[in-house]
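Here the structure is laid out as structure tokens; the discussion comes afterwards.
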Amino acid sequence: MAATVVVESPEQVPDERYRALIKQLIESQGYRELMAAHLFGAALQYVPTLALKQMIVHHIEEELEHFARTVELYRELGCGDLMPVVQARLAQNPVAFASSWDELAMVQFLWDRAGEFHLREYQNCSYRPYARIIQRILEEEEGHEGFGEQVVRELCQDPGYRPRAQELFNKWLRYGLLSFGRPGTPGNAYAVQMGIKTRDSGAVMQAYLDDIKPVMVACGLRFPPREQLGVELPAEIDLSLPATTSA
Ligand SMILES: [Fe+2]
Ligand SMILES: [Fe+2]
């Protein structure tokens with residue numbers, strides 16, 4: 001059913017439940033953006049060339065800019081300072097750092113891409129102040145994930161590298177899938193009902209998985225068995241791979 005709620009400003013928030021959900025969304029996004037900046041920053045030492053280091057520094061700036069937008073949004077919503085909230089969460093769930101150049105590429109390919117699919121759900125969010133910041137962030141995230149994919153594809157040209165790629169793939173696929181939140185919860189249904197997002201987390205996971213499948217085939221990668229993933233997936237999730245790809 002089409003959303004009937006449109007919230008143009010914090011003053012128009014209909015009730016406490018809606019406000020709590022938007023607050024939680026901004027906190028999660030802030031956590032992801034600052035985590036990305038920290039992760040890329042710590043991995044700068046592994047980036048092989050000056051030109052690539054400059055590009056990664058640019059990505060870090062973009063992640064911090066995304067974080068700054070969430071800080072602003074949080075304050076406007078009347079929730080105070082987001083920084084200590086995110087710092088506490090980062091301390092509780094420390095960032096999984098990349099410890100090599102190829103791992104950084106896998107992070108960008110899988111984790112930034114998950115971030116993009118997650119954010120796309122909010123492009124037409126009924127909380128308009130949030131929807132307004134999403135578009136620019138999305139464009140920049142596409143740059144990050146596209147770059148990661150290109151490096152992963154190049155490295156996987158060497159069949160001898162593939163076992164290592166598979167190991168990194170398994171690790172970061174899990175983090176990517178965790179970005180979507182648990183599927184099928186009442187919170188999901190409420191968010192869809194209120195036009196905050198368009199579909200359940202499980203459907204977004206499927207779209208994300210379908211998007212990476214052609215790259216997986218081209219790189220000789222496989223999904224790990226679902227019981228080893230450590231992520232709650234909807235029962236009907238399709239983990240089959242296309243037989244061949246022209247990608
Ligand atoms: Fe970002
Ligand atoms: Fe990013």
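Can we say Ala20 is of a type in the set (Gly, Ala, Ser), within 16 Å of ligand 2 (Cβ to nearest atom) and at pLDDT 95 or above? Criteria not met by Ala20. For the residues Ala88, Ala68, Ala96, Ala105, the requirement of being within 16 Å of ligand 2 (Cβ to nearest atom), farther than 15 Å from Leu39 by Cα and either of a type outside the set (D, E, K, R) or in contact (Cβ under 8 Å) with a residue 24 or more places away in the chain (or both) singles out Ala68. Within the stretch 116-150, the set of residues being away from ligand 1 (no atom under 15 Å from the Cβ), in a helix (DSSP H, G or I) and over 15 Å from the mean Cα position of the chain (by Cα) comprises Arg128, Pro129, Ala131, Arg132, Gln150.
Would you check if Leu39 is among the aliphatic types (A, V, I, L, M), in contact (Cβ under 8 Å) with a residue 60 or more places away in the chain and more than 16 Å from ligand 2 (Cβ to nearest atom)? So Leu39 fails the test.
Which of the residues that make up the stretch 97-112 are over 11 Å from Ala43 (Cα atoms) and either aliphatic (A, V, I, L, M) or surrounded by fewer than 24 Cβ atoms within 10 Å (Cβ to Cβ) (or both)?
Scanning the stretch 97-112 gives Met106, Leu110.
Selection of first residues in the stretch 50-64 that are in a helix (DSSP H, G or I) and of second residues that are within 12 Å of ligand 1 (Cβ to nearest atom) and of a type in the set (Asp, Glu), restricted to Cβ pairs under 9 Å at least 6 apart or on distinct chains, gives the following pairs, ordered by first then second residue: His59/Asp112; His59/Glu140; Glu62/Glu140; Glu62/Glu141; Glu63/Glu33; Glu63/Glu140; Leu64/Glu33. From the list Gly184, Gly202, the lone residue that is over 18 Å from Gln29 (Cβ atoms) and either assigned to a loop (DSSP other than H, G, I, E, B) or among the aromatic types (Phe, Trp, Tyr) (or both) is Gly184.
The values are calculated or read from the model by the stated rules, or taken from the named source; none is laboratory data. The shown structure was predicted, so the numbers you read here are calculated from the model rather than taken from an experiment. Here the Cβ is made from the backbone with ideal geometry for all residues, glycine too, and neighbour counts use every protein chain on show.
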